[in-house]
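Novice: Before I ask anything, here is the structure I am working with.
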Amino acid sequence: MEPFVQNSVSPALFSLKPWTDRFSKITAGFTGRTGGAGRAPYESLNCALHVGDIPEDVIKNRKTIAETLGFALEDWTCGEQVHGAEIAIVTADDKGRGSLDRTSAFADTDGLLTNVPGVLLTSFYADCVPLFFYDPVSGTVGLAHAGWKGTVAEIALAMVQRMETVYGSRKEDIRAAIGPSIGGCCYEVDDFVMDRVRKLEGSLALAEESAESLYRPSTAHNGKMMLNLKELNRRIMIKAGILPTHIECTSWCTSCNDDLFFSYRKENGVTGRMASWIGIKES
């Protein structure tokens, strides 16, 4: 069953339903592309300040999303993503970093972790893979942005390790989810990418046998491969010690469903960005 279910049209919001139904203390999900203030080619729920959209429209969209979720714009907290594996620990004093401008966001950061209620962690996507983490025992939530570079750098593994060392999380308690992103049906890559995937693949061989393939030859271009980044991240999560039964994985492909989501590849690099979010509700 698809874990990301649309529950709001304006703004378009897809809740991580298995978590929000079970864990009343958190909110988690992913935005769509409609129901916002943005204009072409960023129409309309663009959430990112770095793509060339009108900043006032982006901030209006962020404010609308936050308030729909029961948070304030001042709670919206994010990093300046660089397709790396750097992870920031978000404290109460960090609340709101990056909400109104890029300069105050966590620099060079693709992963965020916190146990502070009232902080709305966010990160941005237009085909890359959003990774969600939650430990209901320690009360820790996290997000990671995983393009192919962050994936092969094993940011998912790094997130689990930081949850263990900083918050005392146990692997068997951690829940993870993989959100809407480009699928193996649409993500064609060259040998430069595949060389790095194959170097990592050997360490995942014993993690779990799966019916899902990591890659297959492209039928459109000889020598290219179709890479399944979602499955690659899922296997890294299992390698990190997360139980397979504790991992939710979407079926949404952002490229196939560009009426619902922005797609960098489908729209030739000129488009808006969705946001993933997760936060602990204040009592």
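Novice: For region 1-45, give me each residue that is assigned to a loop (DSSP other than H, G, I, E, B), among the aliphatic types (A, V, I, L, M) and crowded, with 17+ Cβ neighbours inside 10 Å.
Specialist: Just the residues of region 1-45 that are assigned to a loop (DSSP other than H, G, I, E, B), to begin with: 1-3, 10-11, 23-25, 32-45.
Subsequent filtering for residues that are among the aliphatic types (A, V, I, L, M) retains 1, 37, 40, 45.
If the condition is that a residue be assigned to a loop (DSSP other than H, G, I, E, B), among the aliphatic types (A, V, I, L, M) and crowded, with 17+ Cβ neighbours inside 10 Å, then Ala37, Leu45 are the ones that fit.
Novice: Further question: So, of the residues in region 223-261 that are among the β-branched types (Val, Ile, Thr) and closer than 18 Å to Leu13 by Cα, which turns out to be surrounded by the most Cβ atoms within 10 Å (Cβ to Cβ)? Even if it seems obvious, please write down each step before you answer.
Specialist: To start, the set of residues in region 223-261 that are among the β-branched types (Val, Ile, Thr) comprises 236, 238, 242, 245, 247, 250, 254.
Going one step further and asking which of them are closer than 18 Å to Leu13 by Cα, we end up with 250, 254.
Values: Thr250: 21, Thr254: 30.
The extreme case among them is Thr254.
Novice: Would you please name the residue that is surrounded by the fewest Cβ atoms within 10 Å (Cβ to Cβ), looking only at residues in region 60-70 that are touching a residue at least 24 places away in the same chain (Cβ under 8 Å) and in contact with a helix residue (DSSP H, G or I) (Cβ under 7 Å, 6 or more places away or on another chain)? Step through it out loud before you land on a result.
Specialist: Taking region 60-70 as the starting set, the residues that turn out to be touching a residue at least 24 places away in the same chain (Cβ under 8 Å) are 60-62, 64-66, 68-70.
Filter again for in contact with a helix residue (DSSP H, G or I) (Cβ under 7 Å, 6 or more places away or on another chain), leaving 62, 66.
On the way: Arg62: 27, Ala66: 21.
Across region 60-70, the extreme among qualifying residues is Ala66.
Novice: Return the residues of region 173-190 that are touching a Gly at 6+ places or on another chain (Cβ under 9 Å) and within 12 Å of Ser138 (Cα to Cα); say none if nothing qualifies.
Specialist: Passing the criteria: only Ile174.
Novice: A further question on this structure: In region 219-250, what residues are assigned to a helix (DSSP H, G or I) and touching a Pro at 6+ places or on another chain (Cβ under 9 Å)?
Specialist: Answer for region 219-250, where residues must be assigned to a helix (DSSP H, G or I) and touching a Pro at 6+ places or on another chain (Cβ under 9 Å): Arg234, Met237, Ile238.
Novice: If Trp76 meets every condition in (1) within 20 Å of the chain's Cα centre (by Cα); (2) in contact (Cβ under 8 Å) with a residue 60 or more places away in the chain; (3) more than 22 Å from Trp252 (Cβ to Cβ) apart from one, which number is that one?
Specialist: Answer for Trp76: the failing condition is (2).
Novice: Residues Thr20, Thr103: which one is hydroxyl-bearing (Ser, Thr, Tyr) and either within 15 Å of Ser276 (Cβ to Cβ) or at pLDDT below 95 (or both)?
Specialist: Just one listed residue meets the conditions, Thr20.
The values are calculated or read from the model by the stated rules, or taken from the named source; none is laboratory data. Everything quoted here is computed from the prediction, not taken from an experiment. As a convention, Cβ positions derive from the backbone with ideal geometry for all residues, glycine included, and neighbour counts pool all protein chains shown.
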